[in-house]
1. Considering only residues that are open to solvent by less than 30 Å² (accessible area, probe 1.4 Å), assigned to a loop (DSSP other than H, G, I, E, B) and of a type in the set (Phe, Trp, Tyr), look in the stretch 291-320 and name the one that is farthest from Gly254 (Cα to Cα).
2. Tell me whether the stretch 903-922 contains one or more residues that are over 35 Å from the mean Cα position of the chain (by Cα), on the phi > 0 side of the Ramachandran plot and of a type in the set (Phe, Trp, Tyr).
3. Does Asp223 satisfy being outside any strand (DSSP E or B), at negative phi and touching a residue at least 12 places away in the same chain (Cβ under 8 Å)?
4. Consider Tyr187 against the criteria (1) surrounded by fewer than 19 Cβ atoms within 10 Å (Cβ to Cβ); (2) modelled with pLDDT of 95 or more; (3) aromatic (Phe, Trp, Tyr): it satisfies all of them except one. Which criterion is unmet?
5. Does the stretch 226-244 hold any residues that are part of a loop (DSSP other than H, G, I, E, B) and loosely packed, with under 10 Cβ neighbours inside 10 Å, and which are they?
6. Please verify whether Gly321 is within 25 Å of Trp585 (Cβ to Cβ) and at pLDDT below 95, treating the condition exactly as stated.
7. Only one of Ala279, Ala288 is open to solvent by 10 Å² or more (accessible area, probe 1.4 Å) and over 22 Å from the mean Cα position of the chain (by Cα); which?
8. State whether one or more residues within the stretch 374-384 are of a type in the set (Phe, Trp, Tyr), open to solvent by 10 Å² or more (accessible area, probe 1.4 Å) and either closer than 30 Å to Met635 by Cα or in contact (Cβ under 8 Å) with a residue 60 or more places away in the chain (or both).
Amino acid sequence: MSSQLWLLFLSFLLFHPLLHPCLPLSSAHPLDPLTAAEISTIRRVIQSSHLGASKSLAFHYVGLDEPDKPDVLAWAQSGTRGRRQRRRAFVVAPLRRGDARDRRRRHRRLRRLRPGLSRFRTLEELEAAAALPLNYTPFVESARRRGVALSDVVCSTFTAGWFGEAGRGRRRLKLLCFVAGETANFYMRPMEGITVVVDLDEMRIIGYRDRVVVPVPKAEGTDYRAAKQRPPFAPETKPGVVVQPAGKGFRIDGHVIRWSNWDFHLSYDARAGLVVSLASVYDAEKGARRRVLYRGYVSEVFVPYMDPAEEWYFRTFFDAGEYGFGLWASPLEPMTDCPANAEFMDGYYAAQDGEPVKLPNVFCVFERYSGDAAWRHTELGIPKQMISEVRQEVSLVVRMVGALGNYDYVTDWEFKTSGSIKVGVSLTGILEVKGTPYTHTDQITTDVHGSLLAENTIAVYHDHFVTYYLDLDIDGLNNTFIKSKLKTARVADSSGVPRRSYWTVTREAANMEADAHVEIGSVPAELLVVNPNKKTKMGNHVGYRLIANGVPVASLLSDDDYPQMRASYGKKQVWVTPYNKSEKWAAGLYVDNSRGDDNLAAWSQRNRAIKNVDIVVWHTVGFHHIPYQEDFPLMPMLSSGFELRPSNFFESNPLIRLRSTKQTHLPNCTLIPPKPPQMPALRRAMAAAAVGAGVGLAISIALEPGACASGRGRKAGSEASPVWATLSLVKSLPPKIIVEPRSGTKFPSVVDGGRRLLGVGHLRGTALRRAINLRTTAAATVGASLESADAPWSQTCVASPITLNTGTRKTSFLGPNDFDGYAFGVYADESDVKRLRKKYSTFSVSELKGNKELIADLLDQDLRMTISLQIVNRGLSIGYLRDTFAKVVGNELQKYGGSNNKELLQRFTSIFTDEHKLLRNSIFDLSREPGYILRIRINGKEMGKMESNLICKPLLDLYVGKNAYDKQALQDIQSTLASILQERSD
């Protein structure tokens with residue numbers, strides 16, 4: 001069968017009664033993203049049709065087929081809200097030519113793509129491709145030549161691009177490999193000189209070259225994890241919190257967010273990520289909401305590297321079109337990625353088999369109190385008076401982080417009470433480096449295309465071009481693009497003043513697309529979008545202006561270079577086109593292997609009229625990245641962005657009528673001293689109460705008699721004793737997450753209301769190198785262990801994570817050795833474990849570690865425990881899992897119950913019915929409940945339960961008993977148990 005692919009364009013009614021009569025029509029917002037139920041419906045409909053018979057069918061993109069704009073605006077502006085809406089899905093799926101030929105005759109939406117042109121890759125096929133070199137003999141020999149152990153190798157996938165090849169019909173990518181070993185920062189240790197070419201359709205290596213052997217950079221100094229850092233440490237900053245005494249000022253209604261004078265819709269898309277729609281601002285003077293932005297999102301991220309070497313020339317990535325900017329979104333960490341006052345929203349995408357996958361915490365929404373003034377003025381010009389007025393700056397931020405390989409992109413949309421929208425993008429993460437024999441810059445005599453940052457390590461020059469799609473509807477549908485140019489004018493000699501020159505403004509309205517190709521900074525100018533049909537009372541056209549933040553950057557590649565052909569729009573930072581529903585992606589709908597003939601620059605060559613029509617502004621924020629040593633081993637944030645700012649939109653400054661925020665004064669209390677009074681019982685009680693109540697952060701304060709009431713501290717020499725207490729600043733804080741650093745797997749520190757994380761383990765596999773674990777379990781933050789009565793107060797009352805090392809399980813509990821993609825966490829109910837305190841109160845920590853009797857009690861007693869397994873590589877069939885349990889658990893049962901256990905084992909394995917699925921990112925929980933009841937759940941949904949300690953005990957023994965597979969994880973578990981048992985109960 002030919003490997004040439006056809007593409008299925010499938011657009012159908014999500015709630016068409018002929019397709020699935022049991023589902024009601026949708027009353028959701030017409031721009032809401034697809035729900036998990038809708039994605040499941042799409043999969044079921046396609047697989048039950050004639051298309052489902054194709055073995056090559058795979059789901060590469062499933063998203064909302066955006067409704068026609070007039071229909072959405074009519075829905076938003078009329079009284080039809082709440083009525084049932086027509087919802088359509090857009091599905092992209094490949095079919096091999098043999099599978100597609102007959103189906104094309106019967107399906108009017110099935111089209112053939114130009115050979116080689118395709119959609120972005122799925123996570124599943126990238127993982128499968130990355131595992132190929134480890135079983136490829138030439139690569140194994142290359143690793144041996146470099147003295148690298150295969151167990152330390154991590155391979156990563158890179159799109160091959162297009163470089164003038166004619167008629168290429170195969171989907172290819174290239175692999176480059178790295179060495180992890182002693183560090184998680186494998187990107188800093190490339191196996192330079194090796195290139196692997198993979199045919200994705202056949203999933204096999206079709207090209208291999210080991211061109212040159214250079215030293216692999218050493219691991220020392222590359223690890224960025226906090227636990228791996230050693231003195232000397234940098235000076236620390238003091239902790240800070242956000243307090244909102246009156247609660248949050250915004251409201252989330254489904255996907256509609258309302259805050260202050262702003263109202264907008266927020267949705268998730270696997271390609272674009274964060275999408276803002278229907279943004280309108282309230283005008284207090286007019287008493288009405290006025291439209292500003294119909295739709296805005298990241299359209300493309302182009303990242304070309306500047307090294308023409310054989311292993312580097314093709315590294316010209318289109319992160320949105322080839323990989324999916326939203327597909328690689330990272331779950332946001334509470335208290336670090338987003339502040340304590342943030343709320344989080346989830347997203348869903350379709351896996352390769354069409355099943356919905358949840359992206360938890362894909363967005364956060366929070367109010368920002370920057371400490372800045374929105375406006376201020378102090379007037380001293382009036383005799384004997386000083387007038388001072390200040391308004392605090394408060395804004396609303398919507399955030400997403402796209403973690404695409406080595407780089408993390410933090411994208412913010414910030415809405416201001418002034419009517420402005422600030423859009424920011426910040427880069428952080430790890431540089432792409434090449435191995436080199438050089439160890440000092442004095443040795444370099446030629447262009448090495450980068451900066452020497454460490455021994456044998458050159459960080460290659462590169463660019464980042466982030467292109468935004470901005471469908472502005474300034475106070476209405478039809479708008480005009482204006483360039484207000486600043487030019488120098490001479491003062492007439494007859495004026496009678498000594499001035500010689502001044503500058504003035506000439507305004508040019510763009511009539512055609514060619515008039516609106518702007519290279520920012522080439523001439524001084526302000527760029528505006530105005531509504532030519534509406535004016536202020538003073539006669540000015542209402543509008544918004546585009547203000548670029550930072551130095552404007554454009555592509556420096558030559559026009560005949562193939563990457564530049566594909567990203568030909570990169571020579572200008574601003575383009576303006578007439579609205580066209582099909583023109584959404586700056587590099588084209590299908591980017592992989594694209595030729596540049598279906599992108600923003602190509603569309604604009606038609607030179608269509610753009611005056612007083614519905615227009616779209618495309619703005620590119622760019623970075624020329626010259627690496628410096630401060631970027632090693634992981635770079636700090638590098639930020640840029642732009643602002644959409646009202647320009648004659650309001651009759652006057654809208655903030656003048658914004659009433660000043662009431663200031664809340666917290667008690668004037670003394671901060672934490674180094675050593676508080678010896679009150680261990682009270683201290684522990686308050687800390688336990690804070691944690692037990694779900695308080696996210698408990699801060700210790702000294703309440704001095706009379707101090708808080710009077711607002712003054714205690715007088716010098718006073719003998720009054722301080723009263724110690726805790727101040728709860730944040731209620732119901734989101735869970736603290738413990739990250740297994742090698743796979744990125746995330747485990748909550750507490751689950752099921754009080755089961756504490758004792759330790760984690762991880763089966764390491766090369767396919768995990770770019771996988772993002774997208775599932776977490778809801779939990780509360782756990783408090784720190786209380787070590788001794790003399791410990792500083794901050795150690796006893798401030799919530800902190802449990803410090804754990806990670807273990808590696810390399811045997812076959814969940815399958816044979818070729819299955820290498822799961823991690824596990826072991827939890828125990830803290831109150832149950834503390835019941836053992838009386839028995840072990842005289843034992844030291846060292847005596848408790850490895851104590852066989854303690855482990856036996858853990859296995860035998862009726863303690864509530866959970867083993868949580870997270871699938872981070874490929875999925876498993878339930879039948880395969882059932883057979884594996886029959887073998888592994890059956891063998892363990894013989895140790896505890898003898899040979900007469902077939903009926904018990906059968907009862908256990910019968911729980912694993914074929915209706916359940918274990919997909920990648922699934923969470924599989926085995927929990928022992930009171931009464932020795934084993935409860936089994938997948939993704940929080942109960943599969944079944946049974947009462948039998950003979951089943952519970954061997955399952956737990958695999959992880960916490962003497963037969964535990966992961967010895968390092970077992971040591972962590974024993975250490976945590978010892979810590980809990982040593983906590984004083986007074």
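1. Initial filter on the stretch 291-320 (open to solvent by less than 30 Å² (accessible area, probe 1.4 Å)): 292-305, 307, 309, 311-312, 314-320.
From the residues that got through so far, the ones that are assigned to a loop (DSSP other than H, G, I, E, B) too are 307, 309, 311-312, 314-315.
With the extra rule that they be of a type in the set (Phe, Trp, Tyr), the set shrinks to 312, 314.
Details: Trp312: 45, Phe314: 43 Å.
This residue is Trp312.
2. Checked the stretch 903-922: no residue is over 35 Å from the mean Cα position of the chain (by Cα), on the phi > 0 side of the Ramachandran plot and of a type in the set (Phe, Trp, Tyr).
3. Working: outside any strand (DSSP E or B): yes; at negative phi: yes; touching a residue at least 12 places away in the same chain (Cβ under 8 Å): yes.
Yes; evaluated as a whole, the condition is true for this residue.
4. (1)
5. Filtering the stretch 226-244 down to residues part of a loop (DSSP other than H, G, I, E, B) leaves 229-244.
Those that are part of a loop (DSSP other than H, G, I, E, B) and loosely packed, with under 10 Cβ neighbours inside 10 Å: Arg230, Pro231, Pro232, Phe233, Ala234, Pro235, Glu236, Thr237, Lys238, Pro239, Gly240.
6. On the way: within 25 Å of Trp585 (Cβ to Cβ): yes; at pLDDT below 95: yes.
It is true that Gly321 is within 25 Å of Trp585 (Cβ to Cβ) and at pLDDT below 95.
7. On the way: Ala279 fails: open to solvent by 10 Å² or more (accessible area, probe 1.4 Å).
Result of the check over Ala279, Ala288: Ala288.
8. Step one: of the stretch 374-384, the residues of a type in the set (Phe, Trp, Tyr) are 375.
Now drop any that are not open to solvent by 10 Å² or more (accessible area, probe 1.4 Å), which leaves 375.
This time we only want the ones that are either closer than 30 Å to Met635 by Cα or in contact (Cβ under 8 Å) with a residue 60 or more places away in the chain (or both), so: 375.
Within the stretch 374-384, one or more residues are of a type in the set (Phe, Trp, Tyr), open to solvent by 10 Å² or more (accessible area, probe 1.4 Å) and either closer than 30 Å to Met635 by Cα or in contact (Cβ under 8 Å) with a residue 60 or more places away in the chain (or both).
The values are calculated or read from the model by the stated rules, or taken from the named source; none is laboratory data. Computed from a predicted model, the values in this text were never measured in an experiment. Neighbour counts run over all protein chains shown; Cβ positions are idealised from the backbone, glycine included. Please note that ligands, DNA and RNA were not included when accessible areas were found on the heavy atoms of the full protein model with its side chains. Shrake-Rupley method; radii C 1.70, N 1.55, O 1.52, S 1.80 Å.
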